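Okay, so here's the structure we're looking at.
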Amino acid sequence: MSNIHVKKMTGACGAEVLGVNLASLSNSDMETVRQAYVDHGVIFFRDQKITPDEHIAFARRWGDIVINKYFTPTENPLIAEVRKEKEQKTNIGGGWHTDHSYDADPAMGSILVARQLPEEGGDTLFSSMYAAYDALSPGLKKTLEGMRALHSTARAFGAAGFYQQTDQGGGMKVASEHPEVSHPVVITHPESGRKALYVNAAFTTRFEGWTPMESQPLLDFLYRHAVQPEFTCRFRWEEGSIAFWDNRATWHYAANDYHGHERLMHRITIKGVPLG
Ligand code: SIN
């Protein structure tokens, strides 16, 4: 008999999936988990004791794994490290973003497993891009729906990009080329069918057909708009916690409030589809 139970976190996004062991999830519980992921944008699990191989096996139930080219891999190249050492000041993911929007087929989701946590701090925040889109005025929705935006690795992972100017630079590979890929500014989510805002400050460079200077004021408005507290949820990590977020439906932000303490997470990113 299944004990699975989905507990919603806030009005806009996030749910805890209780009563499951991800290392031995039945097919019917997997369907409940899949529906929770579609409905809530990000789902969380507690008290899991999964090995790296079980992390990979769970990820493969969702699709193919995409290797992140810039993060340090763990012993298994399919799993990336998200690490901040005691001495480091900069964390990875410490700004609102969605993963891999610089790919032509952007990652559908990322599964983050806590391996070493600070005693306090190091939460991850999420914001619903469905809620952000829904709250726009009819006029701005209409304008944005005809538009596309370009995304690239330059600002985050390029030689002159963010991480190379910080104490995370040494552990990251530099992106030597950063081709721009184009996605709609408003996507129709491939699984839920809902409309979501799909630009982000880490990887979006400009609107297609607009200059960076023309694009920036409207992008800045959207970035402020999209992180209103009402659109967000916040996850407090504990030993055994796992988060699985939908990169098309949410943004996330890793809080950097634990200087002097180590935090190590293992991340697997799952391949997505072209966005329309
Ligand atoms: C990330 O941005 O993928 C990392 C999130 C986190 O470490 O909480």
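Summary of values
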| item | result |
| --- | --- |
| Checking S110 against (1) over 12 Å from the mean Cα position of the chain (by Cα); (2) under 16 Å from G14 (Cα atoms), the condition it does not meet | (1) |
| Count of residues meeting criterion [of a type outside the set (D, E, K, R) and more than 9 Å from the ligand (Cβ to nearest atom)] in the stretch 251-271 | 10 |
| Subset tally (residues that are within 8 Å of the ligand (Cβ to nearest atom) and hydrophobic (A, V, I, L, M, F, W, C)) for the stretch 79-124 | 3 |
| Selection within the stretch 69-107 - more than 16 Å from the chain's Cα centre (by Cα), not basic (K, R) and not in a loop (DSSP other than H, G, I, E, B) | P73 |
| Odd one out for S137 among (1) open to solvent by 20 Å² or more (accessible area, probe 1.4 Å); (2) within 11 Å of the ligand (Cβ to nearest atom) | (2) |
| Residue among Y198, Y253, Y223 that alone is among the hydroxyl-bearing types (S, T, Y) and closer than 30 Å to G19 by Cβ | Y253 |
| Scope the stretch 108-122; condition part of a strand (DSSP E or B) and either more than 26 Å from H178 (Cα to Cα) or of a type outside the set (A, V, I, L, M) (or both); matching residues | G109, S110, V113, A114, R115, Q116 |
| Among residues of the stretch 241-250, those that are within 15 Å of A15 (Cβ to Cβ) and more than 10 Å from the ligand (Cβ to nearest atom), counted | 6 |
| Criterion (at positive phi and either crowded, with 20+ Cβ neighbours inside 10 Å or among the hydroxyl-bearing types (S, T, Y) (or both)) met by exactly one of G122, G109, G161 | G122 |
| Unique residue being hydroxyl-bearing (S, T, Y) and more than 18 Å from the chain's Cα centre (by Cα) when the list is T143, T153 | T143 |
| Conditions (1) open to solvent by 30 Å² or more (accessible area, probe 1.4 Å); (2) among the β-branched types (V, I, T); (3) away from the ligand (no atom under 15 Å from the Cβ); (4) under 18 Å from M265 (Cα atoms); number of the one not met by T72 | (3) |
| Selection count, the stretch 189-215, where residues are open to solvent by less than 50 Å² (accessible area, probe 1.4 Å), within 15 Å of G272 (Cα to Cα) and not small (G, A, S) | 2 |
| Total residues in the stretch 52-68, condition closer than 22 Å to M172 by Cβ and more than 16 Å from the chain's Cα centre (by Cα) | 2 |
| Some residue of the stretch 59-67 being open to solvent by less than 60 Å² (accessible area, probe 1.4 Å), over 29 Å from Y223 (Cα atoms), of a type in the set (G, A, S) and within 16 Å of the ligand (Cβ to nearest atom) | yes |
| All positions within the stretch 140-158 that are buried (at least 19 other Cβ atoms within 10 Å of the Cβ), of a type in the set (G, A, S) and assigned to a strand (DSSP E or B) | A149 |
| Filter result for the condition that a residue is closer than 21 Å to G146 by Cα and surrounded by 14 or more Cβ atoms within 10 Å (Cβ to Cβ), over V174, V186 | V186 |
| Members of the stretch 41-58 found to be touching a residue at least 60 places away in the same chain (Cβ under 8 Å) and open to solvent by less than 60 Å² (accessible area, probe 1.4 Å), listed by number | G41, V42, I43, F44, F45, R46, Q48, I50, P52, H55, I56 |
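The values are calculated or read from the model by the stated rules, or taken from the named source; none is laboratory data. Note that this is a predicted model, so its numbers are computed, not measured. For neighbour counting, all protein chains shown are included, and Cβ atoms are generated from backbone atoms with ideal geometry for every residue, glycine included. Ligands, DNA and RNA are excluded from the accessible area calculation, which covers all protein heavy atoms including side chains. Shrake-Rupley method; radii C 1.70, N 1.55, O 1.52, S 1.80 Å.
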